[in-house]
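What follows is one structure encoded as structure tokens, with my remarks underneath.
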Amino acid sequence: MEKPERVVPLRRTDESGNGQRPVSGFMFRGQALSMPIARPQGASLAKGLHRPAWAALSAPVLDVATSISGAALTAFLLMHMVLLSTVLAGATTLDSLAEFLERYYLLHIGAPPLILLLLAHIVLVTRKAPTTFRQQWTLVRQLRQMGHLDTWTWAFQVVSGAALMAFVSIHLWVSLTELPIEAAKSGERVADFLWFDILFVLFVVGHAFIGLYRITVKWGLLSRRGAYAALATLTAVVLAVEFAIVSSFFALGGGQ
């Protein structure tokens, strides 16, 4: 009768020779018994060269930068609203303010940093925005399945942000190429394109203050309920002032 063949466990050169599999090989097969095959590194090096510089930054750093740029743009929106609200006191008041800003080239100095801030914010937010059709369809399915407020606010941020890239570009181009700023000239433009200003106000105010809501909740500055109540109240106030400004320009432009 033949004796059963004895199985001798393989040993690795870096083990003590007890035939036991190391802990590191529990999920995988451990180290290879043969010599490793050298693989060319050119492809990986070339792939690394094409990565954008900001891709090497950590996600928390990019999230902080996104929040700071969004808060800075919201601060500019409020400052812009305060300056335009001088039209509520009459066309002469706004014209005097515009003349002061242009006399010291404050508009020309402030426009380039604002444009750079806008571009930086766009680059930062597109990291997480659904840019492909598959990602967008996934977002739509989640909206249909979930009744979560933050999911809907994120969807509005995506839609309004895409729309604002067109609205802001048009607004900046018209404002900077038709200097000097005059109340009567702006009123004629509002009277002719009232639909543009109404949509612009709704998108920019909604995008800014929903963004502030998400920032305050994300970084724990306010509770979810407190942030919702405070920013909903502030949004209503800002919308009321913005539409009062639009109505004043519309009246100056001869709108009925």
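Looking only at the range 228-256, count how many residues are farther than 23 Å from Ala163 by Cβ and either in contact with a Lys or Arg (Cβ under 9 Å, 6 or more places away or on another chain) or among the acidic types (Asp, Glu) (or both).
Residues meeting the conditions: 1.
Tell me the residue from Gln157, Gln145 that is at pLDDT below 90, on the phi < 0 side of the Ramachandran plot, out of contact with any helix residue (DSSP H, G or I) (no Cβ under 9 Å at 6 or more places or on another chain) and not charged (D, E, K, R), please. Before the answer, list the steps.
On the way: Gln157 fails: out of contact with any helix residue (DSSP H, G or I) (no Cβ under 9 Å at 6 or more places or on another chain).
Just one listed residue meets the conditions, Gln145.
Identify the single condition in (1) modelled with pLDDT of 90 or more; (2) surrounded by fewer than 16 Cβ atoms within 10 Å (Cβ to Cβ); (3) farther than 18 Å from Phe76 by Cβ that Ser248 does not satisfy, given that it satisfies every other one.
Ser248 satisfies every listed condition except (2).
Tell me yes or no: at least one residue of the range 227-245 is surrounded by fewer than 18 Cβ atoms within 10 Å (Cβ to Cβ), in a loop (DSSP other than H, G, I, E, B) and not hydrophobic (A, V, I, L, M, F, W, C).
no
Could you check, for the range 102-114, whether at least one of its residues is of a type in the set (Gly, Ala, Ser), touching a residue at least 12 places away in the same chain (Cβ under 8 Å), assigned to a helix (DSSP H, G or I) and surrounded by 16 or more Cβ atoms within 10 Å (Cβ to Cβ)? Break it down into steps so the answer makes sense when it comes.
Here is the first cut: in the range 102-114, the ones of a type in the set (Gly, Ala, Ser) are 110-111.
After this cut, where a residue has to be touching a residue at least 12 places away in the same chain (Cβ under 8 Å) as well, the list is 111.
The next check asks that each one be assigned to a helix (DSSP H, G or I); those that pass are 111.
Still in the list and also surrounded by 16 or more Cβ atoms within 10 Å (Cβ to Cβ): none.
There is no residue in the range 102-114 that is of a type in the set (Gly, Ala, Ser), touching a residue at least 12 places away in the same chain (Cβ under 8 Å), assigned to a helix (DSSP H, G or I) and surrounded by 16 or more Cβ atoms within 10 Å (Cβ to Cβ).
For the range 214-226, what are the residues that are part of a helix (DSSP H, G or I) and over 15 Å from Leu73 (Cβ atoms)? Don't jump to the end; show me each part of the working.
From the range 214-226, those part of a helix (DSSP H, G or I) are 214-218, 224-226; that's our starting set.
Residues satisfying the conditions are Thr216, Val217, Lys218, Arg224, Arg225, Gly226.
Go through the range 186-226 residue by residue and tally those that are basic (Lys, Arg) and either at pLDDT 90 or above or surrounded by 15 or more Cβ atoms within 10 Å (Cβ to Cβ) (or both). Lay out the reasoning, then the answer.
Initially, the range 186-226 is screened for residues basic (Lys, Arg), giving 189, 214, 218, 224-225.
From what's left, either at pLDDT 90 or above or surrounded by 15 or more Cβ atoms within 10 Å (Cβ to Cβ) (or both): 189, 214.
Number of matching residues: 2.
If the Cβ limit is 9 Å and pairs must be 6+ apart or interchain, which residue in the range 147-174 that is over 13 Å from Val205 (Cα atoms) and among the hydroxyl-bearing types (Ser, Thr, Tyr) pairs with which residue that is part of a helix (DSSP H, G or I) and modelled with pLDDT under 80?
Matching pairs, first to second residue: Thr151/Leu139; Thr151/Gln142; Thr151/Leu143.
The values are calculated or read from the model by the stated rules, or taken from the named source; none is laboratory data. Owing to the predicted nature of the structure, the values given are computational and were not obtained by experimental measurement. When we count neighbours, we look across all protein chains shown, and the Cβ atoms used for this are built from the backbone with ideal geometry, even at glycine.
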